[in-house]
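Asker: Structure below; questions to follow.
No lab work stands behind these numbers, since they all come straight from the coordinates. What you are looking at is a predicted structure, and each value in this text was computed from that prediction instead of being measured. Neighbour counts are summed over all protein chains in view; Cβ atoms, including those assigned to glycine, are modelled from backbone coordinates with ideal geometry.
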Amino acid sequence: MPAESSPTESVHAAQAPQGPAHTAPSPAARGLVDTNIIILRNHINPASLPRDLAISAVTLAELSAGIHHVTGDSPEAITERSRRMDILQRVEHEFDPLPFDAAAARLYGRVSAAVLAIGRQPRRRIADLMIASAAASNGLPLYTTNPHDYVGLTALVRVIAVPVPRPMPEG
């Protein structure tokens, strides 16, 4: 396995190309977006994202589970559950998720090994690493506002760092 690059070298900034091998894809390119991109999508500059967005079934699972992580009956909890349900319903309507299939499952082993090789624990990042595996198995770059979640994977998947919207939206 090649020597590991630093966290800042292991991702590519969508807004700052760094040469031919690190150039952000053209706006017409297809790319897989992680769950955080979907949650923040209305606040992200569309020029930072591929024109043709894809999601993994893992993102759909995370969004489905996220609704149940909000507990209580306070007005804030009710509003947050409603917001999360709205996102899930819009995603279900808009996307046909890429499956986490046998090819992605096989790649997940290599993704886990890459994370272990740099001293990180894959167990804490299962969903993120499954999303990275789905991107790699489909030959798609992975767009994220959390590039640190994918450190160590440059040999397997191209990670495109998307600027976090400022100020961050509530929720």
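Asker: Could you give the nm distance between label points at residue 101 and residue 69, where each point is 7 Å from its Cα heading toward the beta carbon?
Answerer: Here the modelled spin labels are 2.9 nm apart.
Asker: Amide H neighbours of residue 49 under 5 Å, at least 5 residues apart or on other chains, H built in the peptide plane: list them.
Answerer: Amide H neighbours of residue 49, under 5 Å, 5+ apart: none.
Asker: Okay, moving on. Which far-off residues, 5 or more places away or on another chain, put their amide H under 5 Å from the one on residue 153, with H placed in the peptide plane?
Answerer: none
Asker: Still on this structure, please answer the following. Quick one: 3J(HN,Hα) in Hz for the range 113-130, Karplus 6.51/-1.76/1.60 with θ = phi - 60°, rounded, Gly and Pro as x.
Answerer: Karplus-based 3J(HN,Hα) across the range 113-130 equals 4, 5, 5, 4, 4, 9, x, 9, 9, x, 4, 6, 10, 3, 4, 4, 6, 5 Hz.
Asker: Moving to a separate point now. Count charges around residue 128 for me, please; just the other residues with Cβ under 13 Å from its Cβ, Lys/Arg as +1, Asp/Glu as -1. It would help to have the intermediate numbers written out before the result.
Answerer: Numbers: positive: 120, 123, 124, 125; negative: 34, 62, 149.
Combined, the nearby Lys, Arg, Asp and Glu give +1.
Asker: Going by amide H atoms built from the backbone, whose H comes under 5 Å of the H on residue 160, apart from near neighbours?
Answerer: When sequence neighbours closer than 5 places are left aside, the close amide H contacts are 12, 142, 143, 144.
Asker: Which is farthest toward the positive dipole end of the range 66-171 among 78, 116, 89, measuring Cα position about the Cα centre, with Cβ charges +1 (Lys, Arg) and -1 (Asp, Glu)?
Answerer: After comparing all options, I get 116.
Asker: Here's something else I'd like to know. Under the Kirkwood approximation for Rh and a Cα-based Rg, what ratio Rg/Rh is obtained for the range 28-171?
Answerer: Working: Rg = 15.4 Å, Rh = 15.8 Å.
Value, to two decimals: 0.98.
Asker: Can you work out ³J(HN,Hα) from phi for every residue in the range 80-90, in order, using Karplus 6.51 cos²θ - 1.76 cosθ + 1.60 and θ = phi - 60°, giving whole Hz and x for Gly and Pro?
Answerer: 5, 4, 5, 4, 5, 5, 4, 4, 4, 5, 5
Asker: Using a 7 Å offset from the Cα along the Cα-to-Cβ direction at both residue 164 and residue 51, what is the distance between the two label points in nm, to one decimal?
Answerer: 3.1 nm
Asker: Continuing with this model, one more query. Taking 0.36 nm per residue of separation and subtracting the Cα-Cα distance, what length does fully extending residue 148 through residue 83 add? Let's see the in-between values first.
Answerer: Details: separation 65, 0.36 × 65 = 23.40 nm, distance 2.63 nm.
Taking 0.36 nm per residue and subtracting the Cα distance, the gain is 20.8 nm.
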